[in-house]
Each structure stands twice: as C-alpha cells, then as structure tokens.
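All of the numbers you see were taken from the coordinates with simple rules; none came from a lab. In this text the structure is predicted, and so the values were computed from the model without any measurement.
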C-alpha cells in the first residue's frame, strides 16, 4: 500500500528563470519532506483509530521514503499482515479474551492467551489440540477500506501548498545572502 501526492512540476519548470531553476528543486524536496512527516503522523493516527492498534505498534509497519532534489517523490508505505489479537490490547477474562480489533472491544469466547503472553489462541475442536492463532485488523486493508488513503491525499495536497510557499521563500532568502 503506497500513498503518494504528485503535482504538476514539469509544466512549472518550463516557465522558470535560471535562479528559479536552482531554487525550485530544493524547495520542492524540502516541502515534500515536511509534508511527508505530517502525513505520516496523520496516517498512523487515523489507522490506529480504524484498526484499534496502538500507534507505537503501527509505526513498526509504516515506513516513509523521503524526497531528494533529484528524486522528487515522497512515499508512505504500509505493510504487514493481520497481527495477532495480542497487539489489540487483549485481556484474558472468564469468558475468553477481550480485544479492541477494528476499533471495537469484542470478547472472543473460549480464546486464551499463551506463548508467554505473546499470542491469542482458540481451539478448533472440543479436544485440547489443534489450536489456531486469532488475528485482528490488517492495517493496509483498513487504510483502503476506511478511505484513509484518500483523506491523506487531500491532507497532503493542502499541506504541500503551504510548505512549498515557505520553502521557496526560504531558498530565495538564502540565495540573496
């Protein structure tokens, strides 16, 4: 799952002066990286609400690739399969295990926490074995399902416009010195 915000940079470059050609690539990458940081926070926060995972655990699954003056593209990549229910604030109770997957607390009857408190299991039959691990919400799927990717794109475009104007002014001020 990748989220990218693109702009019409090539058309703008054709109409630039020599000074602007030096300033714009630096300003673009600077604005993209500031926007990336804010969009990353937005994605982690919204995905945590949608899945019920802790932001700390989600940050291990979400990575970001920064832009440079040559490669003007910033990416947020969300990877990973559905984590075990233990990642969703699971607690053992009399009926089974209670966990907050998909943003709602639910009791999984007959489930239990084992493996030194690292995994939630459920029996597949009336016998002691076999058992299966229980999984919660898959973050990449929830980003698409909850339309977090679309909201991030809108957020990113607005943020990029603001940051780009700031970055151009900063680069022009540096060239004037």
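Quick one: what does P(r) look like for segment 85-133 with 10 Å bins over all Cα pairs, in whole %?
Binned Cα distances yield the sequence 29, 56, 14, 0.
Could you work out the helix-only [θ] at 222 nm for the chain, with each DSSP H run of four or more residues adding -39,500 (n - 2.57) and the total divided by the number of residues, to the nearest 500 deg cm²/dmol? Intermediate values should be presented prior to the final figure.
Working: 5 runs with 80 residues, N = 177.
Mean residue ellipticity, 222 nm, calculated: -15000 deg cm²/dmol.
Between segment 30-92 and segment 148-176, what is the separation of their alpha carbon centroids in Å?
20
Quick one: angle between helix 18-51 and the longest Cα principal axis of the chain, in degrees between 0 and 90, rounded to 10, please.
That works out to roughly 20 degrees.
May I ask for the angle, rounded to the nearest 10°, between helix 148-176 and the longest principal axis of the chain, with both axes built from Cα atoms and the value confined to 0 to 90°?
30
For P(r) over Cα pairs in 5 Å bins from 0, in percent, which listed value, (1) 1, 7, 14, 15, 13, 12, 12, 12, 8, 5, 2, 0, 0; (2) 1, 8, 15, 20, 21, 16, 9, 6, 3, 1, 0; (3) 1, 8, 15, 15, 12, 10, 9, 8, 6, 5, 4, 3, 2, 1, 0, 0, comes from the coordinates shown?
(3)
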